[in-house]
Amino acid sequence: MVAVERVESLAKSGIISIPKEYIRPKEELESINDVFLEEKKEDGPQVPTIDLKNIESDDEKIRENCIEELKKASLDWGVMHLINHGIPADLMERVKKAGEEFFSLSVEEKEKYANDQATGKIQGYGSKLANNASGQLEWEDYFFHLAYPEEKRDLSLWPKTPSDYIEATSEYAKCLRLLATKVFKALSVGLGLEPDRLEKEVGGLEELLLQMKINYYPKCPQPELALGVEAHTDVSALTFILHNMVPGLQLFYEGKWVTAKCVPDSIVMHIGDTLEILSNGKYKSILHRGLVNKEKVRISWAVFCEPPKDKIVLKPLPEMVSVESPAKFPPRTFAQHIEHKLFGKEQEELVSEKND
């Protein structure tokens, strides 16, 4: 296995300028600013905050209002802060504390959990490998593993230190799975579908996977030149994110990068490509990225709710397609969608070159 230089080691080595493979292309650099100043901005659009307290209210009118708010944010932004989501604040704190303690271990200790992408072992401790011609890298290390369903997890890959990691993360994954069901129901109703329709379409209780990725963004000596994570949309159906209240998440909304505020006790939720496809583009999978900074380590806990790789063909639901609104996405399995996102551009270019 090839030794990979961890970003954390690089950050702690005392460098004052970052290696060239971490420097973003010129056109990107123009939009990277100080994240702390960006987060304080009150002018311009702000990521919506959705209160889920009444998502299952017995009062039909109150419940409909809550669903309408969630739907509106999903149609317009595709990302939101969720409050009153039903996950205990002390459990979220335990999850964050456990992740922070794991990342505070020495790099040597964390290397015992290293993944090996070359052999397809993607779970474990890792750093982004270059995936483009320019050899571009992101300023982050991470820990990745399947968190739910319980019978599909491999606990031997989960951190043994700190001792609360497995228990806190397992409990949190269970709570998130329940929250995902509530959200799927509301979003189904928002499209005029039967409440259980979307969840069924992404695999239901048996097949929907919850993948946990803890992103660790070390302090960066030149944050104006780097990104913690480059601009992308999530392939998932839904993504739920906790963070350590250090700003960094940016959304590309109406042609500009908007920095998400830090909202206490909230969970950030993204609509992913999977729901965008099923809703034929009605629900948005928004382009987003992560900034880094000089002063504070940023950590985020992302849980991706993903359909099974090959069992389901994702395509716009028939109810979402009409003469006025033809299907915007071709039928693909989840695995094919990921392949298309990673290599689609190159494939399309190759095809056009062959046809020249």
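Take Phe343 and decide whether it is of a type in the set (Phe, Trp, Tyr) and at pLDDT 95 or above.
Considered against the rule, which asks whether it is of a type in the set (Phe, Trp, Tyr) and at pLDDT 95 or above, Phe343 comes out as no.
Taking interchain pairs and intrachain pairs at least six residues apart, which have beta carbon atoms under 9 angstrom, with the first residue in the range 6-19 and of a type in the set (Ser, Thr, Tyr) and the second assigned to a helix (DSSP H, G or I)?
As it stands, the answer is Ser9/Val107, since those pairs meet every condition given.
Kindly evaluate Lys160 against the criterion of being open to solvent by 20 Å² or more (accessible area, probe 1.4 Å) and part of a helix (DSSP H, G or I).
no
May I ask you to verify whether Lys182 is surrounded by fewer than 21 Cβ atoms within 10 Å (Cβ to Cβ), in contact with a His (Cβ under 9 Å, 6 or more places away or on another chain), modelled with pLDDT of 95 or more and over 23 Å from Glu140 (Cα atoms)?
yes
For the range 94-108, what are the residues that are in contact with a helix residue (DSSP H, G or I) (Cβ under 9 Å, 6 or more places away or on another chain) and open to solvent by 40 Å² or more (accessible area, probe 1.4 Å)?
Those that are in contact with a helix residue (DSSP H, G or I) (Cβ under 9 Å, 6 or more places away or on another chain) and open to solvent by 40 Å² or more (accessible area, probe 1.4 Å): Arg94, Lys97, Glu101.
What pairs can you find where one residue is in the range 114-125 and closer than 17 Å to Leu209 by Cα, the other is of a type in the set (Asp, Glu) and in a loop (DSSP other than H, G, I, E, B), and their Cβ atoms are less than 8 Å apart, with a gap of 6+ or different chains?
As it stands, the answer is Gln123/Asp154, since those pairs meet every condition given.
Quick check: is even one residue across the range 186-198 small (Gly, Ala, Ser), surrounded by 21 or more Cβ atoms within 10 Å (Cβ to Cβ), touching a residue at least 60 places away in the same chain (Cβ under 8 Å) and in a loop (DSSP other than H, G, I, E, B)?
no
Condition check: open to solvent by 10 Å² or more (accessible area, probe 1.4 Å), outside any loop (DSSP other than H, G, I, E, B) and of a type in the set (A, V, I, L, M). Does Leu210 satisfy that?
no
Restricting to the range 73-92, give me the number of residues that are open to solvent by 30 Å² or more (accessible area, probe 1.4 Å) and out of contact with any helix residue (DSSP H, G or I) (no Cβ under 9 Å at 6 or more places or on another chain).
5
The values are calculated or read from the model by the stated rules, or taken from the named source; none is laboratory data. Values in this document were obtained by computation on a predicted structure and should not be read as measured data. Note that each Cβ is placed from the backbone with ideal geometry, even for glycine, and that neighbours are counted across all protein chains shown. Protein only, heavy atoms only, side chains kept; ligands, DNA and RNA dropped before computing areas. Shrake-Rupley method; radii C 1.70, N 1.55, O 1.52, S 1.80 Å.
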